Amino acid sequence: MSRPVLVVTGGAGGIGSAVARRFDAQGWHVVVVDRDAERGGAVARECTGLFVHADATTTSGCEQYVEATLAKHGRIDLLHLNVGVLARTSIGEGFDPADYQRMMRANVDSAVFGVQAAFGPMRDRGGGSILVTSSTTGLRPSPDALYSASKHAVVGLVRSLAPALLEVGVRINALCPGAVDTAMLADRRDALVRAGVGLVAPEDVATAAQAAHDAGRTGQAWVVNAGLAVAPHKFTEILIEGEARIQR
């Protein structure tokens, strides 16, 4: 049996590199995608994998890493869409539209374009799995309102796409970690620790990513919080009479 293939975007550090290392240790072929050629290349070499230097926030970048993976391995078993940044602006005085759009490109566009790029090859092969990194702020209100909005969008995308993708054998889930101890939180880390916020190690998120994939479910938002077992969030379902009869 051939080895399964993982593609992880934002794979140069933090969650992405931890996921690459975990799946490599489990015997998977690993494809690391990042704009940071030095760090991303180092992770790929460590995993004896393929590095693709691409901007995963663009359609062309997503098509590039999908095509490179297919050329090398002929398949994608798990695509982990993991690009994300924090908001550096907020509503009110000093709102920066450019920074807001940069965040949305990273947090939302990378997920939409990644799913679109992988959809055809996964459908044609008869299936696959997609995992999108969201956040617990995608499941609850947050003081960082714009970042929270972007992560709510990711969860909504995953839950809404799940039924249609399953028709062609493709599963899609969201990974929703709390505060993860990565460089992205470096300027907030001390304040979080002083406030008693439990930080999640990237390796724990990687373990959760494997658990979410192995569960064989779809349309779930898997919560990863310090000190708690990894589990899908329980949503309150709202039924709209007749909606299921609408033709897509």
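Rule-based calculations on the coordinates, nothing more; no lab input. Everything quoted here is computed from the prediction, not taken from an experiment. Here the Cβ is made from the backbone with ideal geometry for all residues, glycine too, and neighbour counts use every protein chain on show.
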Options ILE238, GLN220, VAL168, ranked by Cα towards positive dipole end of the chain, top entry (Cβ charges): VAL168
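If you restrict to DSSP beta bridges whose two residues both lie in the chain, what percentage is antiparallel, to the nearest 5?
Numbers: 2 of 29 bridges.
The answer is about 5 percent antiparallel.
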Unit charges on C-beta of K, R, D, E only; dipole of the range 5-245, Debye: 340
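Take the alpha carbon gyration tensor of the chain, find the square roots of its eigenvalues, order them as a ≥ b ≥ c, and report rounded if a/c is under 1.5; if not, report prolate when a/b exceeds b/c, else oblate.
Here the chain falls in the rounded category.
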May I ask you to compute the full-extension gain from SER90 to ASP214, defined as 0.36 nm times their residue separation minus their alpha-carbon distance, rounded to one decimal in nm? 40.9 nm
When Lys and Arg each count +1 and Asp and Glu each count -1, what net charge do the other residues less than 12 Å away from LEU131, Cβ to Cβ, add up to? 0
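Among the helices of the chain (complete DSSP H runs), which have Cα atoms covering no less than 20 Å along the helix axis and a Kyte-Doolittle mean of at least 1.0?
Numbers: long enough: 59-73 (21 Å, -0.49); 110-125 (23 Å, 0.13); 145-166 (31 Å, 1.06).
The answer, listed by residue number, is 145-166.
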Post the alpha-carbon centroid distance, the range 16-40 to the range 132-149, in whole angstrom. 25
Cut-off 10 angstrom, C-alpha nodes, Gaussian network model of the chain. Which of THR58, THR48, THR133 fluctuates the most? THR48
